[in-house]
1. Keeping to region 43-54, report how many residues are in contact with an Asp or Glu (Cβ under 9 Å, 6 or more places away or on another chain) and at pLDDT below 95.
2. Among the numbered conditions (1) without any contact (Cβ under 8 Å) to a residue 40 or more places away in the chain; (2) surrounded by 10 or more Cβ atoms within 10 Å (Cβ to Cβ), tell me where residue 36 comes up short.
3. Inside region 43-59, can you point out the residues that are surrounded by 11 or more Cβ atoms within 10 Å (Cβ to Cβ) and not in a helix (DSSP H, G or I)?
4. Just one of (1) at pLDDT 90 or above; (2) closer than 18 Å to residue 75 by Cβ trips up residue 24, so point out which.
5. For the condition modelled with pLDDT under 90, surrounded by fewer than 10 Cβ atoms within 10 Å (Cβ to Cβ) and at positive phi, what is the one hit in 62, 80?
Amino acid sequence: MPGNPPGPGGRAAKVEFKINEAGMRQLQRDLEKRVASGVEIPSGGSEADAIRSVKDQLKKMGLTPDDQGVRQMVRAARKGT
């Protein structure tokens, strides 16, 4: 039977867990690397145009882009060019 086994009185037992902050940061970095490798970041034009382009690409991938995250991605990529 899936789920938590019933506790006393036939109710599901309470399960407690802690969020692994370091693991979450690593997951975020890994996801950003995978997404960035599949996204073309324009090196020419304005920063606003580049951000708009990246957001459009992410939306086409079915993702909901975060404005600040996209801005950081664009700036980091352009810094390396």
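1. 1
2. (1)
3. 43 - this is the single residue of region 43-59 that is surrounded by 11 or more Cβ atoms within 10 Å (Cβ to Cβ) and not in a helix (DSSP H, G or I).
4. Evaluating residue 24 over (1) at pLDDT 90 or above; (2) closer than 18 Å to residue 75 by Cβ leaves (2) as the failure.
5. Of the residues listed, the single one that is modelled with pLDDT under 90, surrounded by fewer than 10 Cβ atoms within 10 Å (Cβ to Cβ) and at positive phi is 62.
The values are calculated or read from the model by the stated rules, or taken from the named source; none is laboratory data. What you see is a predicted model; the values in this text were computed from it and never measured. Glycine also receives a Cβ, built like all others from the backbone with ideal geometry; neighbour counts cover every protein chain displayed.
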